[in-house]
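In what follows, a structure is listed as structure tokens, so that the remarks can point back to it.
The values are calculated or read from the model by the stated rules, or taken from the named source; none is laboratory data. All of these numbers come straight from a predicted model, not from anything done at the bench. Reconstructed Cβ throughout: ideal geometry from the backbone, glycine too, with neighbour counts over all protein chains shown. Surface areas here come from the heavy atoms of the whole protein model, side chains and all, with no ligands, DNA or RNA. Shrake-Rupley method; radii C 1.70, N 1.55, O 1.52, S 1.80 Å.
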Amino acid sequence: MEQKKLKTELANGELRNLYLLFGEERFLIAHYANEIEKHCQSDKVVFEGAVPIGEIIMAAETVPFSGFSESTKRLIVVRDSKLFASGRKVDSEEMADYLAKIPAETVIIFAESEVDRRTKLFKKAATLGGAIDCSPLPPQDLSKWITRLVKEKGKTIPPATVNTLLRTCGNNMSNLSNETNKLIHYCGKNKEITEQDITEICTPTLESRIFDLTKAVGAGRPSDALKIYRDMLILKESPIMILTMIIRQLRIILLCKCHSEKGTSKAHIAKELNIRDFVISEALSHGRRFTTSKLIAALRNCQDTDVRIKTGLITPETGVEMLIIVI
């Protein structure tokens with residue numbers, strides 16, 4: 001079932017007996033579970049982890065405290081049961097057989113971070129129409145969601161500022177929700193959230209810091225790049241992870257530059273690399289500070305540094321610092 005259809009059904013007061021909320025975006029899973037619960041007017045039982053399925057079935061068969069009625073449901077929430085992944089085949093198949101027997105007065109929500117679409121249980125849940133994929137939102141939907149959050153609080157945020165927020169804070173919806181709320185409170189009586197507000201109040205992700213680091217390197221400001229790196233070490237970021245992210249960023253810049261030189265449009269590059277449009281724009285802008293040969297040389301230096309660290313010739317902290325100086 002698509003998320004849009006779920007919203008429509010809930011808005012119309014329609015409840016299914018079974019929902020499977022799965023995917024990487026835990027914020028969406030929690031959001032839809034809460035929305036379903038609002039429409040249940042129910043007694044609720046919550047199970048965490050790999051509980052015996054007998055307990056789930058027993059709870060599902062229990063009559064609600066307030067008795068039977070169309071508006072009163074027994075709500076069962078099962079989180080990360082592993083029934084939809086490998087390892088619980090017997091229990092999984094037994095639960096698959098039970099799905100069609102769920103009592104009319106019972107609603108079961110499975111909230112799972114790990115699923116195997118090949119399992120009998122997943123296929124049965126999908127057939128019954130209650131499987132909702134809660135994967136991360138695409139960039140355009142994420143931008144609309146942020147704009148709507150801000151508007152609901154009586155504020156505005158320009159599209160370019162939304163892009164800055166996404167680059168600074170990443171695309172995790174829980175983190176974005178927290179950072180957006182911080183911005184709303186921080187700007188006080190001001191109606192519009194600005195990029196300066198983001199700079200002053202938001203906590204950058206590792207990816208954002210790496211972007212700023214490589215930007216400083218490309219602009220010929222190694223001292224600024226080193227300061228960013230040392231600040232990351234103070235924040236207990238792993239030098240190995242920082243090196244990995246530097247390599248990733250340089251590769252993105254190189255690929256964007258190569259595509260652009262062939263006349264490929266930004267939209268096509270974004271689709272080809274599966275990266276947000278505004279990230280492509282920034283990578284292309286960033287790439288103008290590097291020649292293709294310099295980017296290739298920088299990636300080779302990264303590989304050499306990785307080998308020297310892994311063979312014990314240099315410490316990770318010193319190795320990455322020296323890399324920043326030479327690239």
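Of the conditions (1) under 18 Å from residue 163 (Cβ atoms); (2) not in a helix (DSSP H, G or I), residue 290 clears all except one; give me its number.
The number of the failed condition is (1).
Just checking, does segment 219-235 include any residue being more than 28 Å from residue 178 (Cβ to Cβ), at pLDDT 90 or above and assigned to a loop (DSSP other than H, G, I, E, B)?
yes
When the residues of segment 164-189 are filtered to those that are farther than 20 Å from residue 32 by Cα and not in a helix (DSSP H, G or I), which remaining residue is farthest from the chain's Cα centre (by Cα)?
Top of the filtered list is 189.
For the subset of segment 1-47 comprising residues that are more than 21 Å from residue 124 (Cα to Cα) and of a type in the set (Val, Ile, Thr), which member is least open to solvent (accessible area, probe 1.4 Å)?
45
Given the conditions (1) in a helix (DSSP H, G or I); (2) of a type outside the set (Phe, Trp, Tyr); (3) surrounded by fewer than 18 Cβ atoms within 10 Å (Cβ to Cβ), which single one is not true for residue 161?
The single condition residue 161 does not satisfy is (3).
Among the acidic types (Asp, Glu) and surrounded by 13 or more Cβ atoms within 10 Å (Cβ to Cβ): is that true of residue 272 in this structure?
yes
Mind listing just one residue for me: the one in segment 46-88 that is over 34 Å from the mean Cα position of the chain (by Cα) and within 15 Å of residue 101 (Cβ to Cβ) and, of those, modelled with the highest pLDDT?
Looking at residues that are over 34 Å from the mean Cα position of the chain (by Cα) and within 15 Å of residue 101 (Cβ to Cβ), I get 58.
Give me the pairs, please: first residue somewhere in segment 12-33 and farther than 19 Å from residue 74 by Cα, second residue anywhere and acidic (Asp, Glu) and in a strand (DSSP E or B), beta-carbon distance under 6 Å, and either six or more positions apart or on two chains.
22/112; 23/133
Consider segment 179-213. How many of its residues are loosely packed, with under 15 Cβ neighbours inside 10 Å, more than 19 Å from residue 225 (Cα to Cα) and among the polar types (S, T, N, Q)?
3
From the list 233, 226, pick out the single residue that is open to solvent by 40 Å² or more (accessible area, probe 1.4 Å) and touching a residue at least 24 places away in the same chain (Cβ under 8 Å).
None of the others qualify; the one that does is 233.
Could you list, in sequence order, the residues of segment 176-197 that are more than 17 Å from residue 148 (Cβ to Cβ) and of a type in the set (S, T, N, Q)?
If the condition is that a residue be more than 17 Å from residue 148 (Cβ to Cβ) and of a type in the set (S, T, N, Q), then 190, 194, 196 are the ones that fit.
How many of the residues in segment 295-319 are open to solvent by 30 Å² or more (accessible area, probe 1.4 Å) and on the phi < 0 side of the Ramachandran plot?
Here the count works out to 16.
Starting from segment 261-281, take each residue that is among the charged types (D, E, K, R) and list its partners that are buried (at least 16 other Cβ atoms within 10 Å of the Cβ), counting only C-beta distances under 6 angstrom and pairs at least six apart or across chains.
Close Cβ pairs satisfying both conditions: 266/280; 276/139; 277/270.
Tell me, please, whether a residue that is open to solvent by 30 Å² or more (accessible area, probe 1.4 Å), closer than 20 Å to residue 29 by Cβ and not hydrophobic (A, V, I, L, M, F, W, C) can be found in segment 89-112.
Within segment 89-112, not a single residue is open to solvent by 30 Å² or more (accessible area, probe 1.4 Å), closer than 20 Å to residue 29 by Cβ and not hydrophobic (A, V, I, L, M, F, W, C).
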